[in-house]
Amino acid sequence: MIGGSGKTPLVAAIVKELVSNGEQPAILSRGYARKVVTEGVLVVSDLTKTIEPVEKSGDEPQMLARNLPGVPVLVSGDRYLAGSLAERYFGCTVHLLDDGFQHLALHRDIELLIVGADDLDEVMLPTGRLRESLKTASVADAVCVVGDDSTVAKVGTALGVPQTFRLKLQPKPARLLGTSLQPLQLSAGSRIVALAGIARPERFFASLAEFGYDVVQKKIFRDHHWYTTRDLTDVLASARDANAEAVLTTEKDAMRLMSFRLRETILPVAYIPMELAIEPVVEFRTWLFKRLEIARETTVLV
């Protein structure tokens, strides 16, 4: 399936589990929709800091690099080469591909899919949103589903994947852009304009409503859109005319807005960080590390 499902927060959640268990993970990304494409392997972040700007990394790798200090993030069309570099220079023990289900050139030991109940009714591109038939999901080792237990069971049964886990997206307090990312104090019922340049903006808008905000306008751009000064001027003007208190956007969009002088805008511009929990926690943790153990026991070095 194409983007917008929550795979970036899922990668971050898995990385934290790996680190807590003594692993040194690396994130290998193709850097889709980068503004500046470089040859070879781009090290976005190393063991100590974020090195490259969002224009060269892409929004999702930049977001992961900033949220996961100490975890190398590498961008390349050749993820085998990127993984080899991560092992040689950073001592990485596990590699995570943030969009790797169709990356058949690289062997995968564990394959996780994120699927929503609404995805079961989708069709293939270009009419729908699926890159390939849902029948291929049966080869996945586990399916992660946003929803209650009955939704999780329904999706797992429909796809023929016995192992399922429940995902819970947890919105965090808004953080101001154009500052040192200080919290933005907004009360329930605050009038806001929602700005999104992601694949499934309706999920973001729904989360804002659940968080108690009054979404008076929705500004939608295509996924990975590189905002211009004109875009931002128009959005802020609309927000002012709607008597909004702030413009709220996604963390992914925030990566592409950081270069603007937002401290000087007529209204505050902030993003909503999303934290993802994988449940049941102990069951997932046990399953993940058992799968890693099996993979290492069966790996044949050539």
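The values are calculated or read from the model by the stated rules, or taken from the named source; none is laboratory data. Computed from a predicted structure; not experimentally measured. Positions of Cβ are backbone-derived with ideal geometry, glycine not excepted, and every protein chain shown enters the neighbour counts.
Points to keep in mind about this one:
Okay, residues lined up against (1) within 23 Å of residue 263 (Cα to Cα); (2) over 21 Å from the mean Cα position of the chain (by Cα); (3) at pLDDT below 90:
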{"position": "182", "(1), (2), (3)": "yes, yes, no"}
{"position": "190", "(1), (2), (3)": "yes, yes, no"}
{"position": "194", "(1), (2), (3)": "yes, no, no"}
{"position": "200", "(1), (2), (3)": "no, no, yes"}
{"position": "216", "(1), (2), (3)": "yes, yes, no"}
{"position": "227", "(1), (2), (3)": "yes, no, no"}
{"position": "230", "(1), (2), (3)": "yes, yes, no"}
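- Among the residues making up the stretch 59-102, those that are of a type in the set (Phe, Trp, Tyr) and either over 13 Å from residue 47 (Cβ atoms) or in contact with a Phe, Trp or Tyr (Cβ under 7 Å, 6 or more places away or on another chain) (or both) are 80, 101.
- Residue list for the stretch 24-83, filter: among the β-branched types (Val, Ile, Thr), buried (at least 22 other Cβ atoms within 10 Å of the Cβ) and closer than 17 Å to residue 12 by Cα: 27, 44, 71, 73, 75
- Selection of the stretch 248-285 for residues being of a type in the set (Ser, Thr, Tyr) and at pLDDT below 95 yields 259, 265.
- Selection count, the stretch 259-302, where residues are over 24 Å from residue 108 (Cβ atoms), surrounded by 14 or more Cβ atoms within 10 Å (Cβ to Cβ) and β-branched (Val, Ile, Thr): 3
- Qualifying residue in the stretch 94-108 (condition: in contact with a Lys or Arg (Cβ under 7 Å, 6 or more places away or on another chain), under 24 Å from residue 61 (Cα atoms) and modelled with pLDDT of 90 or more): yes
- Residue that is surrounded by the fewest Cβ atoms within 10 Å (Cβ to Cβ) [pool: residues in the stretch 165-183 that are assigned to a loop (DSSP other than H, G, I, E, B) and polar (S, T, N, Q)]: 180
- Across the stretch 180-215, the number of residues qualifying as among the polar types (S, T, N, Q) and touching a helix residue (DSSP H, G or I) at 6+ places or on another chain (Cβ under 6 Å) comes to 0.
- Within the stretch 211-224, the set of residues being loosely packed, with under 14 Cβ neighbours inside 10 Å and more than 14 Å from residue 186 (Cβ to Cβ) comprises just one member, 222.
- Residue in the stretch 95-105 that is of a type in the set (Phe, Trp, Tyr) and within 16 Å of the chain's Cα centre (by Cα) present: yes
- Pick from the stretch 26-66, criterion polar (S, T, N, Q) and out of contact with any helix residue (DSSP H, G or I) (no Cβ under 6 Å at 6 or more places or on another chain), ranking: farthest from residue 227 (Cα to Cα): 48
- Residue selected from the stretch 131-164 under the condition β-branched (Val, Ile, Thr) and assigned to a strand (DSSP E or B), by the criterion farthest from residue 203 (Cα to Cα): 164
- Check on residue 267, hydrophobic (A, V, I, L, M, F, W, C) and either closer than 27 Å to residue 167 by Cβ or part of a helix (DSSP H, G or I) (or both): no
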